[in-house]
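What follows is a single structure, and I will ask about it in a moment.
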Amino acid sequence: ELANRMAERVADVVKALMQSGIMATQNQSIDADTAELIIEEFGHRVTRVSDSDVEDVIDSVDDSEEDLMPRPPVITVMGHVDHGKTSLLDAIRNAKVVSGEAGGITQHIGAYQVKTDDGALLTFLDTPGHAAFTSMRSRGAQVTDIVILVVAADDAVMPQTIEAINHAKAAEVPMIVAINKIDRPEANPDKVRTDLLQHEVIVEKMSGDVQDVEVSAITGQGLDELLEAIALQAEILELKANPGRAAQGAVIEAQLDVGRGPVATVLVQNGTLRQGDIFVVGEQWGRVRAMENDQGKRVKEAGPSVPVEVLGLNGTPEAGDVLNVVDTEAQAREIAAYREQVAKDKRAAAGAATTLEQLMAKAKADENVAELPILVKADVQGSAEAIVQAMEKIGNDEVRVRVLHSGVGAITETDVGLAEASGAPIMGFNVRANAPARNSANQKSVEIRYYSVIYDLVDDVKAAASGLLSAEI
Ligand code: GDP
């Protein structure tokens, strides 16, 4: 990759590395300092891209108080399964979205906006439940301003209700309780209110400060009150953004569309996103080719809290990825490539702890690893059996060696695949790896160790296992 970027030959780069005392192969990662030395040696200029560069690009605008304008709240609906989350979202959309938008066909882009009778705009995220809420948060996008906690009046507070409460509290997002299915004859809203007390949600009717509204997603009863409650809560929050700056947003959902390529619904969080803007989003980048709103209409720009479907991405981002508009395509490419590399390194580090040393280090970091997986290949059946028996004797209640597979003959690609999947090294006794296996092991960073004395092999595994043991203490 480095050779490629410098437009130099791989062999020359490997040679330069060797001259600096680094025995690197083609696919090996080298650290940034080494890369910098090599690049300079070849007479090229180094531009380092790092998280702080990305932040520099992104935080170059400081929103001053007078630039800030009120923005609509973003609402997520949560609650137990079957309590009516989807029905409620549909009811609100059907009741409110089309008014004044003749010919507008609502399309599902993962979020929609409605206008209350008082003219307040509200943005609803269309994926109910806390799974989406949490996964977005874990990717760094906190988009929700208000959580609607749906509890069915003919049921009670259920496990997922409690989870939803905990997620909202963890994210420090205010809640409004929608007591749904109020049309049902067996509805008992006061039971819901008392139930909630046990989870430290004290609604207004119980003299607390959490708004509660009785609704029916089926009859439409209480919907207007619910929307008013949201608008009131939003006013209290004094939500603001600066429509004048370069846009920043979060991906609500994204997919690869056969006809249109990668498509992402982006919720603009700050600034204004415009057609033609160049942006980076997670590990992807792009230029806004076209945008459509939740009515399926083409729009040229989208301001704070507005969800739009964006075309013009070079790849499909993930829900929760953050989008930032940048100045140049070069910047966008550079940041996306940098992030991709960081993500790759992370995956490699997490997935493939396949040398004995790494396994020991991993065991020290993670007390639950009390098992040392290995693969054994030997020249004859007798040796393989002897090794497996010796392995089984190593360890005690807390640690044991687990022979994933033992066999006779050369080490093959299949062995490497298994070793990689289980994070195990391969121990070869009087056998070698064939060429495809060697390549594959190199690529996947699977360690292959060769032995011709059983005692040496057993000794190495014992040392690794005792590393695990000492990690336990
Ligand atoms: P979700 O799993 O929370 O999204 O719940 P759904 O919206 O799928 O609703 C579950 C079931 O409850 C469906 O059969 C709905 O028709 C029904 N339901 C939802 N809201 C109401 C309501 O206000 N009144 C009545 N009677 N039924 C409702």
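The values are calculated or read from the model by the stated rules, or taken from the named source; none is laboratory data. Here the structure is a predicted model, which means the values were calculated and not measured. No Cβ is skipped: glycine too gets one built from the backbone with ideal geometry, and neighbour counts run over all protein chains shown.
Say whether the condition of being within 14 Å of the ligand (Cβ to nearest atom), of a type in the set (Val, Ile, Thr) and closer than 25 Å to residue 265 by Cβ is met by at least one residue in the range 122-135.
yes
Now for a different question. Answer with yes or no whether residue 418 is modelled with pLDDT of 80 or more and assigned to a helix (DSSP H, G or I). Please lay out each step first, then the result.
Details: modelled with pLDDT of 80 or more: yes; assigned to a helix (DSSP H, G or I): yes.
Yes, satisfied.
Specify which of the listed residues (274, 298) is under 23 Å from residue 68 (Cα atoms) and either touching a His at 6+ places or on another chain (Cβ under 6 Å) or basic (Lys, Arg) (or both).
274
Suppose we filter the range 63-93 for residues that are more than 7 Å from the ligand (Cβ to nearest atom), small (Gly, Ala, Ser) and assigned to a loop (DSSP other than H, G, I, E, B); how many remain?
1
Only residues that are under 15 Å from residue 376 (Cβ atoms), touching a residue at least 40 places away in the same chain (Cβ under 8 Å) and assigned to a helix (DSSP H, G or I): list them for the range 428-469, please.
Passing the criteria: 454, 457, 458, 460, 461, 462, 464, 465.
For the condition within 16 Å of the ligand (Cβ to nearest atom), among the aliphatic types (A, V, I, L, M) and in contact with a strand residue (DSSP E or B) (Cβ under 9 Å, 6 or more places away or on another chain), what is the one hit in 182, 162?
On the way: 162 fails: in contact with a strand residue (DSSP E or B) (Cβ under 9 Å, 6 or more places away or on another chain).
Exactly one of 182, 162 is within 16 Å of the ligand (Cβ to nearest atom), among the aliphatic types (A, V, I, L, M) and in contact with a strand residue (DSSP E or B) (Cβ under 9 Å, 6 or more places away or on another chain), namely 182.
Then there is this: Every residue in the range 159-175 that is buried (at least 20 other Cβ atoms within 10 Å of the Cβ), touching a Leu at 6+ places or on another chain (Cβ under 8 Å) and touching a residue at least 40 places away in the same chain (Cβ under 8 Å), please.
Within the range 159-175, 161, 164, 168 meet the criteria.
Which members of the range 246-271 meet the condition of being outside any strand (DSSP E or B) and closer than 18 Å to residue 71 by Cβ?
Residues of the range 246-271 that are outside any strand (DSSP E or B), as a first pass: 247, 258-260, 271.
Within the range 246-271, 247, 271 meet the criteria.
Another question about this same structure. Tell me whether the range 190-208 contains one or more residues that are modelled with pLDDT of 95 or more and within 11 Å of the ligand (Cβ to nearest atom).
So far as the range 190-208 goes, no, none of its residues is modelled with pLDDT of 95 or more and within 11 Å of the ligand (Cβ to nearest atom).
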